[in-house]
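K.L.:
My questions will all concern the structure given below.
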Amino acid sequence: MMIKESSLRRDPDLGGELAFLAKGCDFVLPSRFKRRLKAFQQAQVQSKQEKKAGTSSPALLQPVVSTCTPLPVNKATSSTPVPINIPRFYFPKGLPNVCTNHEEIIARIEKAFAEFEDEKANICEMGKIAKICGCPLYWKAPLFSASGGERTGRVSVHSFVSMWRKILRNCHDDASRFTSLLAKPGCDCLQQEDFIPLLQDVVETHPGLTFLKDAPEFHSRYITTVIQRIFYTVNRSWSGKITLTELRKSNFLQTLALLEEEDDINQITDYFSYEHFYVIYCKFWELDTDHDLYISQKDLARYSDQALSNRIIERIFSGAVVRGTEVQKEGRMSYADFVWLLISEEDKRSATSIEYWFRCMDLDGDGVLSMYELEYFYEEQCERMEVMGIEPLPFQDLLCQMLDLVKPEREGRVTLRDLKRCRMAHVFFNTFFNLEKYLDNEQRDPFAVQKDTDSDSPEPSDWDRYAAEEYEILVAEESGNEQLQEGSCEEDYDTEEVLPPPETGDKSDKLVISDL
């Protein structure tokens, strides 16, 4: 807008007012702006007239000012902004509970310590303290270690109360307290080695694992298996470090609390089942012919009668599925890595398994499975079927089937999100690198496949079913071997009656001692 009056155009007050009018206004109606400018100009003229009258007669200054209409005052610029009190809404270590009486808990802890010799508790007595603190029984090892018990073998009441006061002051939910107890000082996440004291205590004190006392060499194998299963399920970021958010979203703490209620550890299929460990370790032992606890590509190719294709095995050993800062050992797979592989192979419906195989098939690492990548893996499947005398389906026809199965959001590009959403990822993956399961699926009733997909009822996972079936097979083989041994003894010694072997434990005891 152009101002015709040159005197007003040069007036600095007018310039300031214009700047104020335009400040913070994205859109101002011209007519309204003109009216405000006209009112401003009239106020400026009236102010100048009053100034002239004031210089000629000071006595008339007061009545003139009193009759003048005051100018509008910009409250935003003339006064300091009023602070707004926004309540805290982010509590990374849990929402504080002001109703909890911490001093009452401390008094009960001190009373319990008074019953111990010299007011000091060992790791076994720490179970009573854990229950007073409101923690599950198998938190006793982390509580013992966090109080300095590993250094001295016993924990004094003063060191424990000091530690627990700090925990109560800074941590306000189970996940944050558990992490604070297990993690290294100054670290707010859990690494694999942090779980070793906890699981060693479970192995030594749980009634369902008493038979392992006679086989200490398998303590570390069982602990390794449980740790890998924990990270397989809980560490969704594949970082090798479990965060508070991941721990809260998982069922690990609830499962850990069940250990004190269930004497049969095989009933707790998540993480801790000894039967599951037995199946995993036996499968690894069969492939590890030199028993150095590492397997090669050639060893892995023998898994399940060469069910996996050579191309997918090469991708597994290429480092496509390493976690965190791990480095793939050239040409070798450790037992810990095999745990991830076996669970992913036998249960391709879980989120971690889908991510595992997607990483293997994504050759260029661009986050999508392109058509050339699918063709690359299917070529070997076709070659193997031709050797078996089976006519393979042309790739174009198979591709149409797979795209109809997955229904990707973008045509010709299969993403990880597409596979997680379609609920048929196991069929998709088996088609491209597991010939045995692919042929089994081709012979299945399509209505049965659809029924499995549509079913929302809680059922055992594919891994749970596989582990249960394999364990029964292993037990049957063990029983058959025992009968053969008994028969050979009868022939050698030609005795009229052979005494049965003494029962030194449950069936799992004999499995460990004999086979492993």
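K.L.:
What nm distance separates the two modelled labels at residue 166 and residue 46, each placed 7 Å from Cα along Cα→Cβ?
P.N.:
If labels sit at residue 166 and residue 46, their model points lie 7.1 nm apart.
K.L.:
What's log10 of I(q)/I(0) for region 277-355 at q = 0.14, 0.15, 0.22 Å⁻¹, Debye sum over Cα points only, no solvent?
P.N.:
Values, matching the q order: -0.43, -0.50, -1.14.
K.L.:
Pairs 93/131; 213/283; 213/298: which exceed 31 Å Cα-Cα?
P.N.:
213/298
K.L.:
For region 364-441, what ratio Rg/Rh do Cα atoms give with a Kirkwood hydrodynamic radius?
P.N.:
In region 364-441, Rg relative to Rh is 0.96.
K.L.:
Using each residue's phi in region 402-416, evaluate 6.51 cos²θ - 1.76 cosθ + 1.60 at θ = phi - 60° and report the 3J(HN,Hα) Karplus result to the nearest Hz, with x for Gly and Pro.
P.N.:
Once θ is set to phi - 60°, the couplings for region 402-416 become 5, 5, 5, 6, 7, 6, x, 5, 10, 4, x, 9, 9, 9, 4 Hz.
K.L.:
Keeping every protein chain present and rolling a 1.4 Å probe, give me the accessible area per residue for region 304-437 in Å².
P.N.:
It amounts to 45 Å² per residue over region 304-437.
K.L.:
What do you get for Rg/Rh over region 225-264 if you use C-alpha atoms and the Kirkwood form of Rh?
P.N.:
Here the Rg-to-Rh quotient is 1.02.
K.L.:
I've got another one for you. Can you list which of the trypsin sites (Lys or Arg not before Pro) found in region 366-447 are DSSP loop residues with at most 14 other C-beta atoms within 10 Å?
P.N.:
Passing sites in region 366-447 are 423, 444.
K.L.:
Using the Kirkwood formula on the Cα atoms of region 213-372, what hydrodynamic radius do you get, in angstrom to one decimal?
P.N.:
It works out to 17.0 Å.
K.L.:
Points 7 angstrom from Cα along the Cβ direction at residue 158 and residue 468: gap in nanometres?
P.N.:
Output for this residue pair reads 5.6 nm.
K.L.:
Just to compare against my own numbers: the Cα pair-distance distribution for region 319-452, 10 Å bins, whole % per bin, please.
P.N.:
Values per bin, smallest distances first: 11, 41, 36, 12, 1.
K.L.:
Rounded to the nearest whole Å³, what is the per residue volume of the convex hull around the Cα atoms of region 140-223?
P.N.:
Numbers: hull volume 9.6 nm³, N = 84.
Once divided by residue count, the hull of region 140-223 is 114 Å³.
K.L.:
I've got another one for you. As an exercise, identify the GluC sites (Glu not before Pro) in region 313-365 lying in DSSP coil whose Cβ has no more than 12 other Cβ atoms within 10 Å.
P.N.:
330
K.L.:
Also: Given a Förster distance of 60 Å, report the FRET efficiency between residue 293 and residue 90 from their Cβ-Cβ distance, rounded to the nearest 0.05.
P.N.:
Working from the Cβ atoms, E equals 0.85.
K.L.:
Let me ask something additional. Calculate, in nm to one decimal, what residue 420 and residue 257 gain on full extension: separation in residues at 0.36 nm each, minus their alpha carbon distance. Don't jump to the answer; show the numbers that get you there.
P.N.:
Details: separation 163, 0.36 × 163 = 58.68 nm, distance 3.03 nm.
Between residue 420 and residue 257, full extension yields 55.7 nm more.
K.L.:
Along each of its three principal axes, how wide is the spread of alpha-carbon positions in region 80-159, in whole angstrom units, largest first?
P.N.:
64, 24, 23
K.L.:
In whole Hz, what ³J(HN,Hα) sequence does region 247-253 give by Karplus (6.51, -1.76, 1.60; θ = phi - 60°), x for Gly and Pro?
P.N.:
Ordered by residue, 3J(HN,Hα) equals 5, 5, 6, 8, 9, 5, 5 Hz.
K.L.:
Between residue 459 and residue 314, what FRET efficiency comes out of the Förster formula 1/(1 + (r/R0)^6) with R0 = 35 Å and r the beta carbon distance, rounded to 0.05?
P.N.:
0.55
The values are calculated or read from the model by the stated rules, or taken from the named source; none is laboratory data. Since the model is a prediction, treat every value here as computed from it, not as a measurement. Note that we place each Cβ from the backbone using ideal geometry, even for glycine, and neighbour counts take in every protein chain shown. The protein model used for the area step is the full one, side chains on, heavy atoms only, and it has no ligands, DNA or RNA in it. Shrake-Rupley method; radii C 1.70, N 1.55, O 1.52, S 1.80 Å.
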